[in-house]
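The values are calculated or read from the model by the stated rules, or taken from the named source; none is laboratory data. Only a predicted model underlies this, so the values are computations on that prediction, with no experimental measurement involved. Cβ coordinates were reconstructed from backbone atoms using ideal geometry, including for glycine residues, and neighbour counts include every protein chain displayed. The protein model used for the area step is the full one, side chains on, heavy atoms only, and it has no ligands, DNA or RNA in it. Shrake-Rupley method; radii C 1.70, N 1.55, O 1.52, S 1.80 Å.
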Amino acid sequence: MASARSQSARRPSRRRARYGGYLVTTHATWRLGAAALAALVVALCGCGGGGGGAPPADVAGRVLLVSTNQPPDPPATVRVGGRSATTAVDGTFVLTGVASTATEIVVTASGAPELRQPLPTLAANTRTDLGDLFLSSQGYTATAVGRIVRVDTFAPVANARVRLSGQVQVTGADGAFRFTGLPVGLGGTTEPVGLVTAQGFEDKPISLDLPLGPPGNPPSDNDLGDIPISPPVGGIPGGPSNIRGAITVQGATDFAGTTVTLIDRSTGSTVATRQTASDGAYGFWVVAGAYAVRAEHVGFQTKTQDVTLQRPDRPVTVNLTLVP
């Protein structure tokens, strides 16, 4: 019979260590490499940053107080996917290396309840700008609904990206959007609190004339109504126009090559310039105002005509004929 000493020598020795609240027992005869042990610890405690190997992304924005429209003092703390940052003096923050799978942002600051709200989908290796996030002492129970429409036809705009206090919604075919969990009291000033962006349109800042109220009894949404957005000033090729016409050249059948310039009469500055094709047609998309259309063609007299656009959805036609 083997001695107790020799049996003890054959028995694997055990080492006990505690990782992340879990008691891990390792046997000396099963020695784990450093990398394998680190992987085990991460799997047990779930402390890998919440990304699960997801590609990194950056998140940026600015934190303001609803009550003052100023950054919090002392600064706020912003957390996303296990990363955290303290806001700068101007309220801005940047979080780098966030897992692109992160779905929530958390903001804490003295004097306001903690803000927790969903993140828009983060793109890997890209910075997502959330714009301004507002903290409210009244909480985050407000809702807001509305519709994005074209300023010229009032037709709904699909796939418009609407951002309010860091939250993002994308409109459907009806142009409608609906937000929940917004700061109570947001708005009531001329300062923008959000932004609308859509392909082929100018960016449209959102200002709220009236502050957002809490849910009522019966519950009701804060209806922002129709928010009109405009195509870029000067128009886009093949796009709509509200100051339009044709320039003909006396004695010619091909009217290409005329330079048409739209001038803002209030400032004298050039708004946009077009070159006519063979049909002599031109067009501009602009906001309401007082303008002048100037036509120039080599070998012909320049002609200018004043025009006033009363409303963007009421086009004005200006036809000119140039003479030698």
Whole-Hz ³J(HN,Hα) from phi, Karplus 6.51 cos²θ - 1.76 cosθ + 1.60, for segment 93-108, glycine and proline x | 8, 9, 10, 10, x, 6, 4, 5, 8, 4, 10, 9, 10, 10, 10, 10
Segment 220-303, accessible surface, carbon-and-sulfur percent (1.4 angstrom probe) | 50 percent
Global form of segment 91-200, assessed from the alpha-carbon gyration tensor, a/c cut-off 1.5 = oblate
Express the accessible area of segment 215-324 per residue in Å², computed with a 1.4 Å probe while the remaining protein chains stay in the model.
-> 52 Å²
State the percentage of accessible surface on segment 113-199 attributable to carbon and sulfur atoms; use a 1.4 Å probe and exclude ligands, DNA and RNA.
-> 49 percent
Once you have the Cα-Cα distance between T141 and D279, take 0.36 nm times their residue separation minus that, and quote the gain in nm to one decimal.
-> 43.9 nm
For N222, residues with placed amide H under 5 Å, excluding near neighbours | T143, A144, V145
Once S269 and N125 are pulled to full extension, the length gained, defined as 0.36 nm per residue separation minus their Cα-Cα distance, is 47.8 nm
Net charge (Lys, Arg +1; Asp, Glu -1) of residues whose beta-carbon lies under 13 Å from that of V293, V293 excluded, is +2
Can you run phi through the Karplus equation (6.51, -1.76, 1.60; θ = phi - 60°) for segment 182-192 and list ³J(HN,Hα) in whole Hz, with x for Gly and Pro?
-> 8, x, 5, x, 5, x, x, 9, 8, 6, x
Could you grab the relative contact order for segment 230-314? Cα pairs under 8 Å, six or more apart, rounded to a whole percent.
-> 32 percent
Karplus-derived HN-Hα couplings along segment 113-119 (A = 6.51, B = -1.76, C = 1.60, θ = phi - 60°), whole Hz, x at Gly and Pro | x, 4, 9, 10, 8, x, 8
